[in-house]
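*Asks:* One structure, pasted below without further comment.
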Amino acid sequence: MSHVADPVASILAGYRPLAGGYDELVDAAGRVRPHWRPFVEALEQVGLPELNRRADGIARRLRESGVYYRAYDRDADQAWPLSATPVLISAEDWRIIEAGVIQRARLMEAALTDFYGPRNLVANGDVPAAIITGSPDFLRPMAGRTPAGGRHLSFYGVDLGRAPDGRWWVLNDRTQAPSGAGYALGNRIALARTLPETMHDLDVQRLAGFFQTFRATLTARSAPDSAGVCLLTPGPYNETYYEHAYLARYLGFLLVEGEDLAVRNGAVFLRTVAGLKKIDMLLRRLDADFADPLELNPSSQLGAPGLAHAARTGAVSFANALGSGLVESRALMSFWPKLSQRLLGEDLLLPNIATWWCGDDAARDVVRARFDDLAIAPAFTNERGGLFSFGAAQAAALSPQDRAAVLARMERRGGDFVGQELVTLSSTPVMSPEGFEPRPFQLRVFVAATQDGWVVMPGGFCRVSSRNDPLAISMQRGGMSADAWVLADGPLVYRSLLPSANALEIRRAIGALTTRTAENMFWLGRYLERADACLRLVRALATRAGERDPEAVDVAERLCSLLETWGAIADIEQDERSAGEAAAEAMQATDMFGAPPVLVRRALHAASAIRDMLSPDAWRMIKGLDRQLSEPLDGAVADTLDRAERGLRELAAFAGYAHENMTRSTGWAILEIGRRVERGLAVARYTANFGVSDAGPAALDALLELGDSQITYARRYFVTASPAAVADLLIFDEDNPRSCAFQARHLRDLLDQLPESAHADAVHALRRSVVLLEAAMASHSPGDVDAAFMTSLDAAFLHVASSFAELYLADHPDAP
């Protein structure tokens, strides 16, 4: 068949199904399949130009929202590629998939129970011992113990593909820490905003009910007096960290890293700003062997010593249990049909792709004989680097040198390899500017264990190939994602992730705040406020570029000196660059620690470590500012000035967001403390540099500009700037949001919003530092501001910052 023959599908003109495979959209006669027909008719109504416009909108929203993944071989975050066309799954197909994956989840759980328990399957010869004990995912410290909660798997993922005959086949099992559910949820939200009427009209099954059930199940396993369910992530450098943060925020779980955890007397605690708080339930997105450097992987810096012991004794429950990645092994693929009969007494409802484990001599002979017709893959985990970085490699495509090397390795250690039948995957339509074209895809389906049995997420995470290569479906190799729409048999009932009103307990506490999160909040506030201060210097300098008046030239030189002291520009002789050149240098410097682009990049780094604490709007503001300051300047002073002013507007927007939208929680208070300390330091240093007591009119005008107080001064005095009046406004006036006194008063108020601490000496030191700050200003008047006073004021603000860090950000190892 060369093209679509359906007369109602003019929008599919030019669509040509791939040869040899099953096409999801059209049948062998070129007719649109019945469950796709309403969708195609809806697309006809919208039209291709409008669909392309909406697709561009999806990409823009995902980019602005900071949805990304990280490729193994690239440091930079990669934009999340989402197809504007979903994969449609009929109700009939879904019943087959649902039954098959629930059966497989039961099989995985039963196998893990045996492999870590009596090992009857090995003793009876059903599974070779080498497949179990030879797997790097078999964790010996976990053998012989039943996991807390009584099960190994709480969340299971399985990759499916459809064969040319229309049957669904299992390609891979995901039991270690299945990824993709969060991305699937994000894909659904993005597509729902693009095709809302179509989704409603087609009765697409919703995802919220699945996540509500999963959350309720995990929450029930956590004691009421604990810190609640925590999602354990490897951190911001993991390729799927965005998903971890997104899921934690959506489910209301606390996102934690290994450094946030401490094991004391066999129990697991969370390091919080209020001290150690016990936790007993971890949703694990960290590979199990990295969880504990003491017993599992000594090179790991991602886990916490003692976690394996706590898991063995039942002090903490993991979802999934440590060691559950064992059954992901490709080597087990060829044994599952037999094991299903042995453990469940049932035939597999969804068959595996044919697999031969080369640790068996007969199977290895088959692989050698059919080498060019098979895919060759590691029997256990993927290699990092080399031929098998992304799993399977098509044997026929190997170079002569690689072919010889693989065969030699297979001869030496056959148990490290499997041969697998090449699968011709089905294809789904994806949209391009010219129309629709077919692409092979895989569907990852997720199953959660609940008190009432296994529940399947009605949808999934689709990975679509960027080319007509069924082995190249990987986000790491340029593939894209797609939403999976499971069509219901009838109208749907609305479900929300929020609990029912009858079960709702009124509370205002948000939950524990880890010391790591607090530190990032503190420095996010400081970096953004420091960037604000530096941008004000750049703006003031740019407006004085080309000035010849001696007083104005002196002001420009002082501004340059401040930028040098700030670390925003290199320290060179003043006459070697103009004011305009110095301003442009600061706006473009990427190697100066105090330059605006560097400060905002550091703020972005701090924000990325607390993505679960920030709303999409807050993230977009910081990400947008970083993108804006990374753009090249054209060299003109006007461009520098415009860039600085736009940056200040973005920072003002974030400050307004924080003031109007953030709940007055401990996290907000710490963000504000960082901002207030940094603003006080900036004003103190501005004033010290210009020597307010003997400054001339031009210098005083510059001070008022830097302190954003020109209008206030003009409305109060109607005269040329006076040193004492300027000092009063910028230092002593508690009603001026830019003054040092305003910062000191608010710091005192913010201390009352911080949690109590058992470290009385540190608490006293912090409160005393603020008292000393206020006392320093109370002992002086606007008329006697000198260099010594400004130096003491600078030191007082720094002392507040160090006292705060010592109390709330330092690691206090005391047992609870």
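A quick yes/no check of all residues on (1) modelled with pLDDT under 90; (2) within 21 Å of the chain's Cα centre (by Cα); (3) hydrophobic (A, V, I, L, M, F, W, C):
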| position | (1), (2), (3) |
| --- | --- |
| ARG507 | yes, no, no |
| GLY525 | no, yes, no |
| ALA533 | no, no, yes |
| GLU547 | yes, no, no |
| ALA568 | no, no, yes |
| MET587 | no, no, yes |
| VAL598 | no, no, yes |
| HIS605 | no, yes, no |
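*Asks:* Another one. Taking the condition open to solvent by less than 30 Å² (accessible area, probe 1.4 Å), outside the structural domain of ALA181 (by TED's automatic domain parsing) and modelled with pLDDT of 95 or more, does SER317 pass?
*Replies:* no
*Asks:* What's the number of the only condition in (1) farther than 22 Å from LEU282 by Cα; (2) open to solvent by 20 Å² or more (accessible area, probe 1.4 Å); (3) outside any loop (DSSP other than H, G, I, E, B) that PRO164 fails to meet?
*Replies:* Against the list (1) farther than 22 Å from LEU282 by Cα; (2) open to solvent by 20 Å² or more (accessible area, probe 1.4 Å); (3) outside any loop (DSSP other than H, G, I, E, B), PRO164 comes up short only on (3).
*Asks:* On to the next question. Among the residues of the stretch 631-647, are any polar (S, T, N, Q) and open to solvent by less than 30 Å² (accessible area, probe 1.4 Å)? If you could, list the steps in order and put the result at the bottom.
*Replies:* Our first condition is that a residue be polar (S, T, N, Q); within the stretch 631-647, this holds for 640.
From what's left, open to solvent by less than 30 Å² (accessible area, probe 1.4 Å): 640.
Looking through the stretch 631-647, at least one residue is polar (S, T, N, Q) and open to solvent by less than 30 Å² (accessible area, probe 1.4 Å).
*Asks:* Does PRO755 satisfy the criteria of being modelled with pLDDT of 90 or more and within 19 Å of TRP668 (Cα to Cα)? Break it down stepwise before answering.
*Replies:* Details: modelled with pLDDT of 90 or more: no; within 19 Å of TRP668 (Cα to Cα): yes.
Considered against the rule, which asks whether it is modelled with pLDDT of 90 or more and within 19 Å of TRP668 (Cα to Cα), PRO755 comes out as no.
*Asks:* Now for a different question. May I ask you to list the residues in the stretch 532-560 that are open to solvent by 40 Å² or more (accessible area, probe 1.4 Å) and assigned to a helix (DSSP H, G or I)? Spell out how you get there, then give the answer.
*Replies:* So in the stretch 532-560, the residues open to solvent by 40 Å² or more (accessible area, probe 1.4 Å) come out as 539, 543, 546-551, 553-554, 557-558.
ARG539, THR543, PRO550, GLU551, VAL553, ASP554, GLU557, ARG558 - these are the residues of the stretch 532-560 that are open to solvent by 40 Å² or more (accessible area, probe 1.4 Å) and assigned to a helix (DSSP H, G or I).
*Asks:* Residues of the stretch 561-579 being of a type in the set (A, V, I, L, M, F, W, C), more than 15 Å from ARG685 (Cα to Cα) and assigned to a loop (DSSP other than H, G, I, E, B), which ones?
*Replies:* ILE569, ALA570, ILE572
*Asks:* Within the stretch 401-415, is even one residue of a type outside the set (Lys, Arg), buried (at least 17 other Cβ atoms within 10 Å of the Cβ), in a helix (DSSP H, G or I) and in contact with a Pro (Cβ under 9 Å, 6 or more places away or on another chain)?
*Replies:* Within the stretch 401-415 (the criterion being of a type outside the set (Lys, Arg), buried (at least 17 other Cβ atoms within 10 Å of the Cβ), in a helix (DSSP H, G or I) and in contact with a Pro (Cβ under 9 Å, 6 or more places away or on another chain)), the answer is yes, since at least one residue qualifies.
*Asks:* Residues of the stretch 561-582 being open to solvent by 40 Å² or more (accessible area, probe 1.4 Å) and of a type in the set (D, E, K, R), which ones?
*Replies:* Answer for the stretch 561-582, where residues must be open to solvent by 40 Å² or more (accessible area, probe 1.4 Å) and of a type in the set (D, E, K, R): ASP571, GLU573, ASP575, GLU576, GLU581.
*Asks:* So ALA607 passes all but one of these: (1) farther than 22 Å from ALA545 by Cβ; (2) in a helix (DSSP H, G or I); (3) open to solvent by 10 Å² or more (accessible area, probe 1.4 Å). Which condition number does it fail?
*Replies:* Evaluating ALA607 over (1) farther than 22 Å from ALA545 by Cβ; (2) in a helix (DSSP H, G or I); (3) open to solvent by 10 Å² or more (accessible area, probe 1.4 Å) leaves (3) as the failure.
*Asks:* Condition first: surrounded by fewer than 22 Cβ atoms within 10 Å (Cβ to Cβ) and among the hydrophobic types (A, V, I, L, M, F, W, C). Now tell me which residues in the stretch 711-730 satisfy that. Explain how you work it out, then say what you get.
*Replies:* Residues of the stretch 711-730 surrounded by fewer than 22 Cβ atoms within 10 Å (Cβ to Cβ): 711-712, 714-720, 722-725, 728.
ILE711, ALA714, PHE718, VAL719, ALA724, ALA725, listed by residue number.
*Asks:* Find the residue count for the stretch 586-604, including only residues that are open to solvent by less than 10 Å² (accessible area, probe 1.4 Å), among the hydrophobic types (A, V, I, L, M, F, W, C) and part of a helix (DSSP H, G or I).
*Replies:* 5
*Asks:* Within the stretch 142-161, can you find the residues that are in contact with a strand residue (DSSP E or B) (Cβ under 8 Å, 6 or more places away or on another chain) and open to solvent by 10 Å² or more (accessible area, probe 1.4 Å)? Working first, answer last.
*Replies:* Within the stretch 142-161, the first condition is being in contact with a strand residue (DSSP E or B) (Cβ under 8 Å, 6 or more places away or on another chain), and the residues that meet it are 147-149, 151, 153-161.
Within the stretch 142-161, PRO147, ALA148, GLY149, ARG151, PHE155 qualify.
For (1) among the basic types (Lys, Arg); (2) surrounded by fewer than 16 Cβ atoms within 10 Å (Cβ to Cβ); (3) closer than 21 Å to ALA556 by Cα, each residue gets a yes or a no:
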residue	(1), (2), (3)
PHE654	no, no, no
GLY667	no, no, no
GLU678	no, no, no
SER709	no, no, yes
PHE732	no, no, no
CYS740	no, no, no
ASP752	no, yes, no
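*Asks:* Separate question: If I filter the stretch 235-244 down to residues being open to solvent by 10 Å² or more (accessible area, probe 1.4 Å) and among the aromatic types (Phe, Trp, Tyr), which single residue comes out as farthest from MET281 (Cα to Cα)?
*Replies:* TYR237
*Asks:* Then there is this: Out of LEU139, LEU191, LEU185, LEU207, I need the residue that is under 17 Å from ALA319 (Cβ atoms) and surrounded by 21 or more Cβ atoms within 10 Å (Cβ to Cβ). Which one?
*Replies:* Answer to the selection: LEU139.
*Asks:* Let me ask something else about it. Can you find, within the stretch 215-234, the residue that is farthest from ALA512 (Cα to Cα) among those that are more than 20 Å from the chain's Cα centre (by Cα) and open to solvent by less than 40 Å² (accessible area, probe 1.4 Å)?
*Replies:* Within the stretch 215-234, the first condition is being more than 20 Å from the chain's Cα centre (by Cα), and the residues that meet it are 216-228.
Restricting the remaining residues to those that are open to solvent by less than 40 Å² (accessible area, probe 1.4 Å) gives 217-218, 222-223, 226-228.
Values: THR217: 21, LEU218: 18, SER222: 14, ALA223: 15, SER226: 10, ALA227: 6, GLY228: 9 Å.
The extreme case among them is THR217.
*Asks:* Name every residue in the stretch 295-305 that is open to solvent by 10 Å² or more (accessible area, probe 1.4 Å) and not hydroxyl-bearing (Ser, Thr, Tyr), in order of residue number.
*Replies:* The answer is GLU295, LEU296, ASN297, PRO298, GLN301, LEU302, GLY303, PRO305.
*Asks:* Another question, if that's okay. For the stretch 328-353, which positions are of a type in the set (A, V, I, L, M, F, W, C) and either free of Cβ contacts under 8 Å to residues at least 24 places away in the same chain or open to solvent by 30 Å² or more (accessible area, probe 1.4 Å) (or both)?
*Replies:* Those that are of a type in the set (A, V, I, L, M, F, W, C) and either free of Cβ contacts under 8 Å to residues at least 24 places away in the same chain or open to solvent by 30 Å² or more (accessible area, probe 1.4 Å) (or both): PHE335, LEU343, LEU344, LEU348, LEU349.
*Asks:* Within the stretch 611-651, track down each residue that is within 30 Å of THR233 (Cβ to Cβ), assigned to a helix (DSSP H, G or I) and among the hydroxyl-bearing types (Ser, Thr, Tyr).
*Replies:* Within the stretch 611-651, just SER630 meets the criteria.
*Asks:* Still on this structure: Among the residues of the stretch 142-187, which ones are touching a Gly at 6+ places or on another chain (Cβ under 7 Å) and either basic (Lys, Arg) or outside the structural domain of GLN442 (by TED's automatic domain parsing) (or both)?
*Replies:* If the condition is that a residue be touching a Gly at 6+ places or on another chain (Cβ under 7 Å) and either basic (Lys, Arg) or outside the structural domain of GLN442 (by TED's automatic domain parsing) (or both), then ARG174 is the only one that fits.
*Asks:* Check ALA725, ALA762 and return the single one that is in contact with a His (Cβ under 9 Å, 6 or more places away or on another chain), part of a helix (DSSP H, G or I) and without any contact (Cβ under 8 Å) to a residue 60 or more places away in the chain.
*Replies:* ALA762
*Asks:* Another question, if that's okay. How about the stretch 264-286: which of its residues are surrounded by fewer than 21 Cβ atoms within 10 Å (Cβ to Cβ) and assigned to a loop (DSSP other than H, G, I, E, B)?
*Replies:* Correct list: ASN265, GLY266, ALA274.
*Asks:* For ASP360, are the conditions met, namely being touching a residue at least 12 places away in the same chain (Cβ under 8 Å), surrounded by fewer than 20 Cβ atoms within 10 Å (Cβ to Cβ), outside the structural domain of GLY125 (by TED's automatic domain parsing) and more than 27 Å from GLN103 (Cα to Cα)?
*Replies:* For ASP360, the condition - touching a residue at least 12 places away in the same chain (Cβ under 8 Å), surrounded by fewer than 20 Cβ atoms within 10 Å (Cβ to Cβ), outside the structural domain of GLY125 (by TED's automatic domain parsing) and more than 27 Å from GLN103 (Cα to Cα) - is met.
The values are calculated or read from the model by the stated rules, or taken from the named source; none is laboratory data. As the structure is a computational prediction, the values presented were derived from the model and not from experiment. Positions of Cβ are generated from backbone atoms using ideal geometry, with glycine treated the same way; all protein chains shown enter the neighbour counts. What goes into the accessible areas is simple: the full protein's heavy atoms, side chains included, and nothing from ligands, DNA or RNA. Shrake-Rupley method; radii C 1.70, N 1.55, O 1.52, S 1.80 Å.
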